[in-house]
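**Student:** Input: one structure, supplied below.
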Amino acid sequence: MKRVQLTEQLSFSQFIQGYWRLDEWDMRKQDLLTFIMQHLDLGITTVDHADIYGLYQCEAIFGQALALQPELRQQLEIVSKCGIKLPSEKFLTQSIPLYDNSAEHIRASVEQSLKNLHTDYLDTLLLHRPDVLMHADQVAETFSALKQEGKVRHFGVSNYSPQQFDLLQSRLDFKLVTNQVEFNPMNMQTSADGTFEHLQMHRIAPMIWSCLAGGRIFNEDSAKAKRVRAVLTEISKETHAAIDQLIYAFVLKLPCNPMPIIGSGNIERVKSAVAAANINLSNEQWYRIWVASNGHNVP
Ligand code: NAP
């Protein structure tokens, strides 16, 4: 599998395994360990987590599987995120979900993720969402301290606009390595609001979440989903590629070096996704999907 070089010291696998839905997969520890080894065999070495996944459960489930074979840790790049606080046993007094990129919350979250994942470092930490109340200087200080302590090696953001990205970058003396954003034929906003142009300009490869729109492309009843399915079915006949593969190929054609995050815990679906790296959509095929998504021709 292709590697994407993010800095001199850090590369990710082109496809990344997402673990948001891990608590729904109903895997025993040993099954999960097998799944991790299977995706490693495919070349997927980068895994995506967040403190909140599974209402604060998923990282611990993953960590328990990893503890069965601790030497696998060195083969993985572990990405985690923090900055969202959900009402839960953890935050009992909180009545609504909120964002918190304060020094105190970032540090507490990282310490907990390290414990849950059974590791002493994160390869990359992302701020999950932009927090309007974030003090960029305070975040920079916290990032630098975590780096110095060896607890987090690299940093990035998720769901950040170019301006939000630039603000945080302006306070750091090392590079933010990625912006993890949504892009799929049901939601192409990041290709229209300057996000991808900004990343291409700075040669920063984005991680792409929900490439399959969380599975909605396959079953949603909306007019948009029906148009998208119809055109993907046509292109599937032309190319003999499966619809999920065409969607990954649609994402991979973006010129900003995207790294799709796979959301399925089914290894056959993971294999199918990875094979999409060999599909080259023509510009016309790509724009037919664009037209189906927008419901009109290009202006
Ligand atoms: P996705 O690939 O868009 O959706 C995965 C869902 O689609 C799963 O429920 C899967 O079911 C289903 N699916 C896959 N192939 C299918 C098919 N051929 N037919 C029907 N259903 C199918 O990805 P996602 O899980 O939404 O997101 C991927 C990763 O991105 C997450 O794990 C997480 O790491 C990350 N993420 C980040 C953010 C953020 O804000 N930064 C937000 C959301 C997600 P099966 O499991 O049964 O295959």
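**Student:** Among the GluC sites (Glu not before Pro) within region 113-210, which fall in a DSSP loop and have no more than 16 other Cβ atoms within 10 Å of their own Cβ?
**Tutor:** Taking region 113-210 and a limit of 16 other Cβ atoms within 10 Å, the loop GluC sites (Glu not before Pro) found are Glu149.
**Student:** Could I ask something else about it? Over the chain, with a Gaussian network built from C-alpha contacts below 10 Å, which listed residue (Ala65, Ala50, Ala192) shows the highest mean-square fluctuation?
**Tutor:** Looking only at Ala65, Ala50, Ala192, the largest GNM fluctuation is found for Ala192.
**Student:** Within region 30-70, which residues have the backbone N less than 11 Å from the label spot 7 Å out from Ile267 along Cα→beta-carbon, could you tell me?
**Tutor:** Answer for this model: 31-42.
**Student:** Give Lys81/Lys115; Lys81/Lys175; Lys81/Lys271; Lys2/Lys29; Lys147/Lys253; Lys2/Lys147 a once-over and call out the pairs whose C-alpha atoms are over 24 Å from each other.
**Tutor:** Lys81/Lys271; Lys2/Lys29; Lys147/Lys253; Lys2/Lys147
**Student:** Give the calculated FRET efficiency between Leu92 and Leu167 to the nearest 0.05, with a Förster radius of 51 Å applied to their Cβ-Cβ distance.
**Tutor:** Working from the Cβ atoms, E equals 0.95.
**Student:** Output the 0 to 90 degree angle, nearest 10, between the alpha-carbon long axis of helix 103-117 and the longest principal axis computed from the alpha carbons of the chain.
**Tutor:** That helix lies at roughly 80 degrees to the long axis.
**Student:** For the chain, what proportion of DSSP beta bridges, expressed in % and rounded to the nearest 5, is antiparallel?
**Tutor:** About 20 percent, rounded to the nearest 5.
**Student:** Compute a Gaussian network model of the chain, connecting alpha carbons closer than 10 Å, and tell me which residue from Ser222, Ser236, Ser144 fluctuates the most.
**Tutor:** The residue with the greatest mean-square fluctuation here is Ser222.
**Student:** Could I ask something else about it? Quick one: if you stick a label point 7 Å off each Cα along the C-beta vector at Arg288 and Ser236, how many nm between them?
**Tutor:** Spacing of the two 7 Å Cα→Cβ label points: 1.4 nm.
**Student:** Additional query: Can you tell me which of Arg229, Arg288, Arg28 moves the most in a GNM of the chain? Springs connect C-alpha atoms under 10 Å apart.
**Tutor:** Evaluated over the chain, the most mobile residue of the options is Arg28.
**Student:** Between His202 and Asp31, what length comes free when the chain is fully extended (0.36 nm per residue of separation minus the Cα-Cα distance, one decimal in nm)?
**Tutor:** 57.6 nm
**Student:** For Ile243 and Asp41, what is the calculated FRET efficiency with R₀ set at 22 Å and r taken between the beta-carbons, to the nearest 0.05?
**Tutor:** With R0 = 22 Å, the Cβ-Cβ based efficiency is 0.30.
Readers should treat all values here as calculations from the given coordinates under stated rules, not as data from a laboratory. Note that this is a predicted model, so its numbers are computed, not measured. A quick note on method: Cβ atoms are made from the backbone with ideal geometry, for glycine too, and the neighbour counts reach across all protein chains shown.
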